[in-house]
Amino acid sequence: MRQQIAAANWKMNLTLQQGEELIDKVLNAGLTLKEQQSVLFAVPFPYLPMTRQKLGGKPGYFACAQNCYDKKSGAYTGEVSAEMLKSIGIAYAVLGHSERREYFKETNEMLASKIDLCLENGIRPVFCCGESLHVRESGNQNRFVEIQLRESLFHLTPEDLKKIIIAYEPIWAIGTGKTATTAQAQDMHAYLRLVLQDHYGKELADSMPILYGGSVKVSNAHELFSSPDVDGGLIGGASLVAEDFIEIIRSLK
Ligand code: 13P
């Protein structure tokens, strides 16, 4: 079975102390992860060492960065490189979140560089894609998301593509309480798998985790995650409440 993932994206929320408490609660919830299940905590940069330390190499639990810069090193005040993340033992990074694309003008091309730098440093990217409401209303969502994939990922060798986790996050569903229907999520995930299959073959496409993000809640997680092509979620708001995130982890296949 494909890897099934519940990824918490804290964004710019929580103090260090609140974050510590939240991770403690999740770790003490008595969850037993199945072999294919993983839990990621995408936390702000300063909390990565704390997160790693708390998770303490517990199988299936990983600290994850929310971003990294698209250059190797140099005079880029305030930025964090993939190599720096590697040097503190980080194995996952969210890349291309729609908030970064919108507020920090990240392009598909910049994201291709970030992907390469992460892979060079042994970091698995959680690559975010997804369309705006405008694109969805014009019916062009499949084409739009396909281009995001093509321009940021399709230069990769099959061996490298295998390390990518895709997160489909329709922008109109993020933080709005308006979740994509299970059918909308499944349709897009199946389409993306087809796009991957066309370029890389069925076996590789079938092996890649594709997560759904956008107002995942306790009340909809189980249904969303039971869709054949939905391999878990990237969760914002609901991941800030330990009890909710715990239930969402329990909803994984
Ligand atoms: P919400 O779960 O708050 O809608 O956020 C989704 C998201 O952006 C996760 O990366």
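Every number in this text was worked out from the coordinates using simple rules, so none of it is lab data. Given the structure is predicted, the values throughout are model-derived calculations rather than measurements. Cβ placement follows ideal geometry from the backbone for every residue including glycine, while neighbour counts extend to all protein chains displayed.
Quick rundown of the values:
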| quantity | calculated |
| --- | --- |
| The chain: relative contact order as a whole-number percent, Cα under 8 Å and 6+ apart | 22 |
| Range of Cα positions in segment 145-253 per principal axis (Å), largest first | 40, 25, 23 |
| Chain lengthening between residue 35 and residue 1 when straightened (0.36 nm per residue, less Cα-Cα) | 11.3 nm |
| Longest DSSP-loop-exposure-free segment, chymotrypsin sites (Phe, Trp or Tyr not before Pro), the chain, at most 16 other Cβ within 10 Å | 155-253 |
| Global geometry of segment 1-75, whether rounded, prolate or oblate, following the gyration tensor of its Cα atoms and the 1.5 cut on a/c | oblate |
| Debye intensity ratio in log₁₀ form over the Cα atoms of the chain, taken at each q of 0.12, 0.18 Å⁻¹ | -0.64, -1.57 |
| Label-reachable residues, segment 155-171, where backbone N falls under 20 Å from a point 7 Å from residue 203's Cα toward its Cβ | 156-165 |
| Estimated FRET transfer efficiency when R0 is 51 angstrom, pair residue 222-residue 103 (beta carbons, to 0.05) | 0.95 |
| Value of relative contact order over segment 197-250, rounded to a whole percent, pairs C-alpha under 8 Å and six or more apart | 34 |
| Kirkwood Rh, Cα atoms: Rg over Rh of segment 111-177 | 1.04 |
| Projected area averaged over orientations for segment 33-73, convex hull of C-alpha atoms, nm² | 3.7 |
| Euclidean distance of C-alpha centroids, segment 174-240 and segment 12-62, integer Å | 22 |
| Within straight-line cross-link reach of residue 217, lysines at Cα separation under 19 Å, skipping those fewer than 8 residues along the same chain | 11, 25, 178, 253 |
| Counted charge near residue 240, where neighbours are those whose Cβ lies closer than 14 Å (Asp, Glu -1; Lys, Arg +1) | -2 |
